[in-house]
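The values are calculated or read from the model by the stated rules, or taken from the named source; none is laboratory data. All figures in this text were calculated on a predicted structure; none of them were measured in a lab. Here the Cβ positions follow ideal geometry from the backbone for every residue, glycine too, while neighbour counts run over all protein chains shown.
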Ligand code: HEC
């Protein structure tokens, strides 16, 4: 009986450690200004970029490291209006400014 409790305790600690480790990863992408890669950057990239740049078309912008590495090139292509190739009203009216702001100022990249 004691052994069983011990075994269960070990498993519980293992699960807790795993959850804590994942929690740390999440915390890293939460920025000082309250913006969060998942909530802010990723949503904009999903609506406007990763349909193409999700693995098949280079650069791959579906991961944070891919975005971080290509940030300057992304800003260049956004600012000279060559990306995204077709510019929807939603892109022109709101998303473009938001994504430029995110890529330029987010603490994710500091
Ligand atoms: C409809 C598909 C499509 C969408 C949506 C799209 N792209 Fe592209 N992108 C391409 C293709 C195809 C190329 C390669 C040809 C070229 O350079 O124009 C490219 C090239 C690029 C490059 C240049 C890569 C290099 O090596 O020079 C960057 C940076 C880029 N895209 C960023 C973005 C960003 C940021 C978004 C979202 C705001 C976006 N793209 C949306 C299809 C797309």
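Determine if region 88-106 includes at least one residue that is touching a helix residue (DSSP H, G or I) at 6+ places or on another chain (Cβ under 8 Å) and modelled with pLDDT under 90. Yes: one or more hits.
Tell me which residues, restricted to region 58-86, are part of a loop (DSSP other than H, G, I, E, B) and either near the ligand (Cβ under 8 Å from one of its atoms) or over 17 Å from residue 43 (Cα atoms) (or both).
If the condition is that a residue be part of a loop (DSSP other than H, G, I, E, B) and either near the ligand (Cβ under 8 Å from one of its atoms) or over 17 Å from residue 43 (Cα atoms) (or both), then 58, 59, 61, 80, 81, 82, 83, 84, 85, 86 are the ones that fit.
Can you tell me which residues in region 87-101 are more than 11 Å from the ligand (Cβ to nearest atom) and surrounded by 11 or more Cβ atoms within 10 Å (Cβ to Cβ)? Step through it out loud before you land on a result.
Here is the first cut: in region 87-101, the ones more than 11 Å from the ligand (Cβ to nearest atom) are 89-90, 92-94, 97, 101.
Those that are more than 11 Å from the ligand (Cβ to nearest atom) and surrounded by 11 or more Cβ atoms within 10 Å (Cβ to Cβ): 90, 92, 94, 97, 101.
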